[in-house]
Amino acid sequence: MATLGNPQSTIAVLQKYNFNFQKKFGQNFLIDTRVLEKIIGAANIGKEDFVLEIGPGIGTMTQYLCEHAREVVAVEIDKNLIPILEDTLSTYENVQVIHQDILKMDISCLVQEKNRGEPIKVVANLPYYITTPIIMGLFESHVPIESITIMVQKEVADRMQVGPGTKDYGALSLAVQYYAKPEIVANVPPNCFIPRPKVGSAVIRLTKHQQAPVQVAQERQMFALIRASFNQRRKTLVNGLNNAPDISYSKEEIVQALEEMGLQANVRGETLTLEQFAQLSNLLVNK
Ligand code: SAM
């Protein structure tokens, strides 16, 4: 099987198997070797690494991963791609393809079995419709992870990286930055894929923090505060929290906590840093 990663060999594989793209699975296959090399380089894959690839498609990036890593597990939801992957990956002995929905998989168990529970590297060109649940699922379930290097919609990559005071800043920025250091490593235009997506993409590396950058007594509560304050962007933080059904503090308690932090009662959530959300959460827990 020829090396993939260019338009000719990708089209040849698609025609050989009479493959029909499934919109519901967010299928846009990479056809640019420079982008593949960028991803492998950014993920810093070496011969000692176990790599989990989410959504291998026809196996374009998987071939690269097999060349560079010790072992690869690729999880693909589309059953029509499984025979294609058997063909395109037939020369590699260090890969296992699992036909599964990644959102339903016990990844901790996989890490235990394949990497003795040691942190793994995750690499993916993600279907855009499940980017956030995949990333947050990996972080919140505390699966041992060293880094996640992923292709996402450019706009989503920007949201993960920004701080307070920008329009893209929101719950996703804070959640990602609580768990990891985000770095955009490449911008990728639509013509690097078949079929072309409507929007630009970016590769972002999320390097998991060894230790959380802020100390917070109740993670769950801090994220409830964050979600509530961005759900109602145009409201003040106090009103946003007061209207949230899962937050039970009174207006007075919230105003008092803000005062203790040296903040005005009419402050908006989008101006608070991660440190400030952690501080607010810790103050409210004690009330
Ligand atoms: N990695 C390939 C590439 O770069 O050419 C394909 C990328 S394509 C954007 C996304 C892939 O993820 C598709 O192959 C799609 O079928 C698969 N996929 C979509 N939802 C999935 C899920 N829930 N679990 C596993 N794979 C999924």
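The values are calculated or read from the model by the stated rules, or taken from the named source; none is laboratory data. Keep in mind that what you see is a predicted model, and the values were worked out from it rather than measured. Heads up: the accessible areas ignore ligands, DNA and RNA and are worked out on the full protein's heavy atoms, side chains in. Shrake-Rupley method; radii C 1.70, N 1.55, O 1.52, S 1.80 Å.
Summary table
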| quantity | calculated |
| --- | --- |
| Using alpha carbons only: equivalent-ellipsoid semi-axes of region 7-208, gyration tensor based, whole Å | 25, 21, 15 |
| Under-5 Å amide H pairs with Ile98, H placed in peptide plane, nonlocal only | Ala74, Val75, Glu76 |
| Dimensions in Å of region 219-285 - Rg and Dmax from alpha carbons | 10.1, 26 |
| Rg/Rg_ref, region 144-287, where Rg_ref = 2.2 N^0.38 Å and atoms are Cα | 1.18 |
| Three semi-axes of the equivalent ellipsoid, region 113-168, Cα gyration tensor, whole Å, largest first | 25, 13, 10 |
| Normalised contact order of the chain, rounded percent, pairs of Cα under 8 Å and 6 or more residues apart | 15 |
| By accessible area with a 1.4 Å probe, ligands and nucleic acids excluded, highest first: order of Glu37, Glu93 | Glu93, Glu37 |
